[in-house]
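The values are calculated or read from the model by the stated rules, or taken from the named source; none is laboratory data. Every value quoted in this text rests on a predicted model; they were computed, and no experiment measured them. So basically every Cβ, Gly included, is an ideal-geometry build from the backbone, and we count neighbours across all protein chains shown.
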Amino acid sequence: MTNQESKHDQYQSPLVERYGKSDMSYNFSNKKKFSTWRRLWIALAQCEKELGLDVITDEQIEEMKKFQDNINFDVAQEQEAKTRHDVMAHVFAFGLQCPKAKPIIHLGATSAFVQDNAELLIMKDGMEIIHKKLVNVIAALKSFAEKNKNVITLGFTHFQAAQLTTVGKRACLWLQEFIFDFEDLEYRLDGLKFRGVKGTTGTQASFMALFAGDEEKIKQLDKNVAKKMGFKDSYPVTGQTYSRKIDSQILNVLAAIAQSAHKFASDIRLLHHLKEIEEPFEEGQVGSSAMAYKRNPMRAERVCAMSRHVICNSLNPAFTASSQWLERTLDDSANKRLSTPEAFLTTDVMLNTILNVVKGLVVNHEVIKQHVNLELPFMTTENILMEAVKLGGDRQHLHERIKLHSMEAGHLLKNGGEKNDLLDRIGNDEAFMQIKTSLKSIAEPSNFIGRAPHQVNDFINDVVDPILEKYKDEIGIKSELAV
C-alpha cells in the first residue's frame with residue numbers, strides 16, 4: 001500500500017487536511033511538543049547547574065542542545081509501546097542520542113514538568129497566533145466600517161424593518177464584539193504563568209533532596225526555569241499538575257471569539273439573502289450542484305459551523321477542571337489531547353475565513369436603496385405629523401389620515417405593488433397641503449440615521465485605532481482559503 005493510499009484509508013482531521021496547514025497546525029504538532037520537552041530538560045539542567053549542582057556539566061548540556069530538535073520518533077514510539085509511558089519513552093530516546101547527558105536528563109522532575117509546562121508554552125504560542133489573527137480581523141472590519149460609514153441602510157430589530165442606520169455603524173457592532181474578545185485574550189495572555197519546577201505532588205520534595213534542603217535555591221530554580229522559558233512567573237502552588245481551570249479559562253476565551261464569529265457570520269447570511277451585502281464569490285466557484293444560478297454564503301456558513309464546534313468544545317476543560325481528584329488524576333490527559341488542539345485549530349481556521357470574507361465583502365448599494373425607499377415613507381410619518389401640527393393642523397385628525405394612507409400603501413405593497421406610494425398619498429391629501437412642498441426634505445434618509453456616521457468615527461478614533469497602532473507590525477497577513 002502506498003503512502004497516498006494509506007492516507008485515504010485513515011481518518012484525517014479536516015482542520016489540517018481540508019482547511020490547510022498553518023502556524024497553528026505546527027504549534028500542536030508532535031515536533032513542536034517533543035522539541036519543547038527537550039528545551040525544558042535543557043533549561044532545567046542549565047538552571048540546576050547554575051545553582052551549584054556540580055553533577056551536571058557544560059558538556060552534557062551542549063550534547064542535549066545538539067539533539068533538541070532532532071527527535072528520534074521511531075525509538076520513542078517503540079519504547080512507549082513497551083512502557084505505556086510517553087515521558088519515560090522520550091527520556092529513553094533522548095538518552096540514546098545523548099549518552100553523556102543521559103544520567104542527568106529529567107533530574108528531580110516529574111512527568112508533569114515537561115507535559116504541563118510544554119502545554120502552557122504551546123497554548124501561549126497558540127494565543128499569540130490568535131492574537132495576530134484578531135488584530136487583522138479588527139483592521140479589516142475597521143476599513144470596511146470606515147468606507148461604509150455614510151451608506152444608509154435599513155436597520156432591523158427582530159429581523160423586521162426598524163429605523164435606519166448605516167452599513168458602517170452596523171459593522172462597528174461586529175467590530176466591538178471582537179474587541180471585547182481581544183481584550184479578554186490579552187488578559188489571559190498577560191496573566192498566564194508557568195507550572196514551574198514543583199515535583200511529584202507540588203511540594204518540591206525531590207529538589208529539597210537535590211539541594212540539601214536549601215529552600216532559597218529551590219525557589220530560585222523555579223523562577224530561573226520559568227524565565228528561561230519565556231514566562232515572568234510560575235504559579236505559586238500546584239498539585240502534580242497546574243490547575244486545569246487554566247485550560248477552561250483559555251478555551252472560554254476561544255468560545256467567546258466563536259460567539260462573535262457566529263454573530264458576524266449569521267448577519268452576513270441574512271444580508272446575503274437580502275442581496276444587500278454578499279461574501280466573495282470567486283470565478284469558477286459553484287454555488288449548487290443542481291441550481292447553477294445560486295451564490296450560497298458558504299464561507300459564512302462554515303464560520304457558523306466551526307463556531308458551534310469551539311463553543312461546545314469549551315465544555316470539555318470545564319468538566320475536566322471540576323472533576324480533578326486531590327493532587328491530580330489522569331482522566332484529563334486523553335481529553336486534553338483532543339479538546340485543546342481542536343479548539344485552537346478551529347478558532348484559527350474560523351478567523352482566517354472571517355478575514356477572507358471581510359476583505360471581499362460586496363456592498364450592493366442599489367439593492368440597499370430599494371429597501372430603504374420601500375420602508376422609509378412609514379418612518380417619516382411621525383415627523384410629517386409634527387410638522388403639520390406646527391402649522392396649525394389638528395393632531396388627532398391628521399393622525400387618522402396618516403393611519404388610513406399607511407394601511408392602503410401597506411396593502412398595495414403586500415399585493416404586488418413595487419413602490420411605496422405613501423408620500424404621494426399624503427401629498428395629495430387636502431389635510432396636508434401646507435407641508436406638501438416640504439415632504440421631500442422631511443423624507444430625506446439622512447434625517448433618520450442619528451449620529452451613526454459620527455459614532456463610527458468616534459469608535460474608530462477612541463477604541464480601534466489605539467489597538468491597531470500598538471500592533472501595527474502584526475497587520476498584513478494573507479487570508480486565502482484552501483477550499
Mind counting the residues in the range 147-158 that are over 17 Å from Gln370 (Cα atoms) and surrounded by fewer than 21 Cβ atoms within 10 Å (Cβ to Cβ)?
3
Only one of (1) on the phi < 0 side of the Ramachandran plot; (2) in a loop (DSSP other than H, G, I, E, B) fails for Gly196. Which number is that?
(1)
Being surrounded by fewer than 22 Cβ atoms within 10 Å (Cβ to Cβ), more than 30 Å from Leu154 (Cα to Cα), touching a Cys at 6+ places or on another chain (Cβ under 7 Å) and at pLDDT 95 or above, is that true of even one residue in the range 207-227?
yes
Test Asn72 against the criterion of being in contact with a Gly (Cβ under 9 Å, 6 or more places away or on another chain), over 17 Å from Asp222 (Cα atoms) and of a type outside the set (A, V, I, L, M), and give yes or no.
no
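A quick yes/no check of all residues on (1) in contact with a helix residue (DSSP H, G or I) (Cβ under 6 Å, 6 or more places away or on another chain); (2) over 21 Å from Leu374 (Cα atoms); (3) in contact (Cβ under 8 Å) with a residue 40 or more places away in the chain; (4) not aromatic (Phe, Trp, Tyr):
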site: Leu134; (1), (2), (3), (4): yes, yes, yes, yes
site: Ala139; (1), (2), (3), (4): yes, yes, yes, yes
site: Ala162; (1), (2), (3), (4): no, no, no, yes
site: Gln176; (1), (2), (3), (4): no, yes, yes, yes
Restrict the check to the range 414-422 and report whether at least one residue is of a type outside the set (Ser, Thr, Tyr), in contact with a strand residue (DSSP E or B) (Cβ under 7 Å, 6 or more places away or on another chain), modelled with pLDDT of 85 or more and not in a helix (DSSP H, G or I).
no
For the range 181-206, give me each residue that is surrounded by fewer than 19 Cβ atoms within 10 Å (Cβ to Cβ), within 30 Å of Val137 (Cβ to Cβ) and either without any contact (Cβ under 8 Å) to a residue 12 or more places away in the chain or not charged (D, E, K, R) (or both).
Glu183, Tyr187, Leu189, Asp190, Gly191
With respect to Ala452, is the statement that it is surrounded by 12 or more Cβ atoms within 10 Å (Cβ to Cβ) and over 28 Å from Ile152 (Cβ atoms) true?
no
Hey, does the range 445-453 have a residue that's part of a helix (DSSP H, G or I) and at pLDDT 95 or above?
yes
Yes or no: Asn352 buried (at least 16 other Cβ atoms within 10 Å of the Cβ) and touching a residue at least 60 places away in the same chain (Cβ under 8 Å)?
yes
How many of the residues making up the range 87-130 are out of contact with any helix residue (DSSP H, G or I) (no Cβ under 7 Å at 6 or more places or on another chain) and more than 30 Å from Ile475 (Cα to Cα)?
8
Hey, any hits in the range 360-378 for a residue that's out of contact with any helix residue (DSSP H, G or I) (no Cβ under 8 Å at 6 or more places or on another chain), surrounded by fewer than 19 Cβ atoms within 10 Å (Cβ to Cβ) and closer than 30 Å to Met127 by Cα?
yes
From the list Glu50, Glu17, exactly one residue is modelled with pLDDT of 90 or more and either within 16 Å of Met229 (Cβ to Cβ) or under 33 Å from the mean Cα position of the chain (by Cα) (or both). Which is it?
Glu50
Filtering the range 199-232 down to residues that are assigned to a helix (DSSP H, G or I) and of a type in the set (Asp, Glu) yields Glu215, Glu216, Asp222
Take Ala305 and decide whether it is under 28 Å from Ala256 (Cβ atoms) and surrounded by fewer than 16 Cβ atoms within 10 Å (Cβ to Cβ).
yes
Take Leu385 and decide whether it is in contact with a Gly (Cβ under 9 Å, 6 or more places away or on another chain) and either modelled with pLDDT under 90 or not assigned by TED's automatic domain parsing to the domain that holds Leu121 (or both).
yes
If a residue counts only when it is loosely packed, with under 12 Cβ neighbours inside 10 Å, which helices (runs of 4 or more DSSP H) contained entirely in the range 1-96 have at least 1 such residues?
3-9, 30-50, 58-66, 73-83
